[in-house]
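These notes are about the structure you will find just below.
Laboratory data are not the source of any read-out in this text; all were calculated from the coordinates shown. Keep in mind it's a predicted model, so treat the numbers as computed, not measured. When we count neighbours, we look across all protein chains shown, and the Cβ atoms used for this are built from the backbone with ideal geometry, even at glycine.
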Amino acid sequence: MSTIIQAACWPLQLPPTAKFVLILLADNANDQGVCWPSIPKICERTCFSERTVHGAIKWLEQRALLRANRSNGRHTSYILTPQEYSEPPQELRSNHKEPSLEPSEEPSKGACASRAALCELKRPDWLPEDAWRDWVSYRKTHKSRFTEKAAELSLCELAKLRERGFEPRAVIEQSILSGWTGLFPLKDRAGTGPPGLNRQVALEAENARAKAMLFGPKTEVIDV
């Protein structure tokens with residue numbers, strides 16, 4: 001982190017999104033203004049979508065606040081040049097509205113959300129905070145993407161399982177220990193096989209109970 005670069009960036013009057021991205025880059029830069037954080041890293045720390053971050057960087061480039069070096073095909077490096085930025089005259093600023101870089105709507109629920117954002121989702125009182133954080137941390141380290149929508153579906157599934165009598169913490173721990181990305185009824189309550197087989201076993205048991213209620217238990221006839 002360069003306090004020299006940050007001190008030059010903070011006073012600049014910029015659109016909020018562009019300012020946030022610029023300050024984050026300055027937080028990663030050395031005294032020469034050089035930094036190379038990845039786009040996913042910038043998205044994670046700002047909670048912006050990739051499209052918004054790319055738009056902010058383009059805006060900053062157009063106004064000489066940074067130069068992007070894309071010659072390396074694997075990553076992009078940036079040189080921050082806040083000293084080269086010329087703010088428009090006051091009378092122009094008052095008559096011209098800078099186009100906003102803020103997302104026109106809430107970030108897409110399909111976009112990969114940060115771990116902190118997922119943990120801060122509206123969590124029901126019956127779900128222990130530490131259990132939910134464990135589930136978020138586990139899913140974020142898994143290959144499959146854990147989006148905000150996926151997190152909401154997880155909460156819905158936990159609510160359904162709770163209504164069926166399964167304790168949410170135990171359900172989460174079972175999935176983590178088993179390496180699953182989904183949430184399923186506890187095995188010791190619905191059989192010993194995988195989730196698909198558990199449901200079949202439970203269905204067969206329910207059918208057997210229904211037959212017993214309708215026809216009564218089978219009795220053996222013993223010849224004397």
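This ranking places Arg74, Arg139, Arg123 by how few other beta-carbon atoms lie within 10 Å of each, fewest first, which gives Arg74, Arg123, Arg139. Ranked by how many other Cβ atoms sit within 10 Å of their own Cβ, fewest first, the residues Ser175, Ser86 fall in the order Ser86, Ser175. Within region 31-80, the ratio Rg/Rh, alpha carbon atoms throughout and Rh by Kirkwood, equals 0.95.
Return the subset of Lys160/Lys187; Lys19/Lys122; Lys58/Lys140; Lys58/Lys122; Lys19/Lys149; Lys140/Lys187 for which the Cα-Cα distance in this structure is over 26 Å, preserving the input order. Those over the limit are Lys19/Lys122; Lys58/Lys140; Lys58/Lys122; Lys19/Lys149. For Ser2, the residues 5 or more places off, or on other chains, whose built amide H falls under 5 Å of its own are Ala29. Fewest neighbouring Cβ atoms within 10 Å first, the residues His54, His75 line up as His75, His54.
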